[in-house]
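Notes for the one structure printed next.
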Amino acid sequence: MTVPPGSTIGIVGGGQLGRMLSIAAAQLGYKCHIFDPHARPCAADVAATFTRAGFDDRAALEAFGRSVDVATYEFENLPCEPLMVLDDKLRPGTKSLAIAQDRAREKQFIEQYARVAQWRSVASLDDVEAAVAELGTPLVLKTRRYGYDGKGQAWVRSSAEALAAWEAIGREPAVAEAGIDFTAEFSVIVARWETGESAFWDSPENVHGDGILRRSTVPCTGRVAPLVEEARAAARGIAEALGHVGVLTVEFFASRDGPLVNEIAPRVHNSGHWTIEGAVTSQFEQHIRAICGLPPGPTDLVGRGATMDNLIGDEVDRWPELVAEPGAHIHIYGKGEARPGRKMGHVTRVSL
């Protein structure tokens, strides 16, 4: 089914990803309706309509669904059950959401299509200690839900640290994941259509600090390049098994054993921000094309490569020098207070 320009696209979530989706949609002639519980989400600044309501407000979601022609979401920490009222219009559907928002379920699912680090589900200190005995150290505890950008994670580097790590994650149900030896981190970003057609971008090599993405670079180096074909096959299998429509991102570790999946994100992704200026079709435009049934856009690099740097916290205060830098493409999200660890914007530099 094709959703023609002039239609309204509903976006559940009002953060920077919703903002950039709205901008891409407007370029193609669509109007966007943002649904978010916050008083002034940054996506609402660039959208035609905004509904302020809780993500679990079924009546508000039903009214939202009646007002849009197709709907999508910009992050995965959402309650699935209320969103089912949108399922006939929601792309991707709640299956992608349910898998991605629970780390244990996610790993069980991914293991059918790709390799992951050794892991165990834990729900008590006894479970953590058993995981340490079985998997060894170091290992990392990651809460099953609501963990992102390094939140909800704690390392266990010796058996004596098990209790402290369990306390650090709030004694929440979690996965214990064996530490792995890897040379690089990279992403596979794929867009999939209802027809099963798919499109990939160059895989960015990613650098993190304190659990937060700092930089993405394309093309990737020789440490990663030989692994991309296998990683793409895994990502395609995951997308097809989910019946996913839209952009899906799979984050990988480049290990001696080949690509190991870290996690999936059923949406546009921070490591794909470089595509706005660095690719013929951005991840945001491609997501709109996919959920609206428009033909795929080409994903070729527009130059020799690109680098995207996140602006975290008060780094956004560098905007005067960045806007004066020739060739720097700066994006400021309009999120208000520049708190430590908060993504306030990004800057992309394209090598022509």
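Out of A154, A176, A199, one residue alone is surrounded by 14 or more Cβ atoms within 10 Å (Cβ to Cβ), modelled with pLDDT of 95 or more, more than 20 Å from the chain's Cα centre (by Cα) and not acidic (D, E). It is A176.
Among residues of the range 179-196 being touching a Gly at 6+ places or on another chain (Cβ under 9 Å) and hydroxyl-bearing (S, T, Y), the one that is surrounded by the most Cβ atoms within 10 Å (Cβ to Cβ) is S187. For the range 260-274, does any single residue satisfy the condition of being of a type in the set (V, I, T), surrounded by fewer than 20 Cβ atoms within 10 Å (Cβ to Cβ) and either touching a residue at least 12 places away in the same chain (Cβ under 8 Å) or not in a loop (DSSP other than H, G, I, E, B) (or both)? No. Candidates L248, L242: the one that is under 28 Å from I291 (Cβ atoms), crowded, with 23+ Cβ neighbours inside 10 Å and touching a helix residue (DSSP H, G or I) at 6+ places or on another chain (Cβ under 8 Å) is L248.
Among the residues of the range 303-337, just one is β-branched (V, I, T) and surrounded by fewer than 16 Cβ atoms within 10 Å (Cβ to Cβ), namely V323.
The values are calculated or read from the model by the stated rules, or taken from the named source; none is laboratory data. Everything numeric in this text was worked out from a predicted model, so none of it was measured. Glycine also receives a Cβ, built like all others from the backbone with ideal geometry; neighbour counts cover every protein chain displayed.
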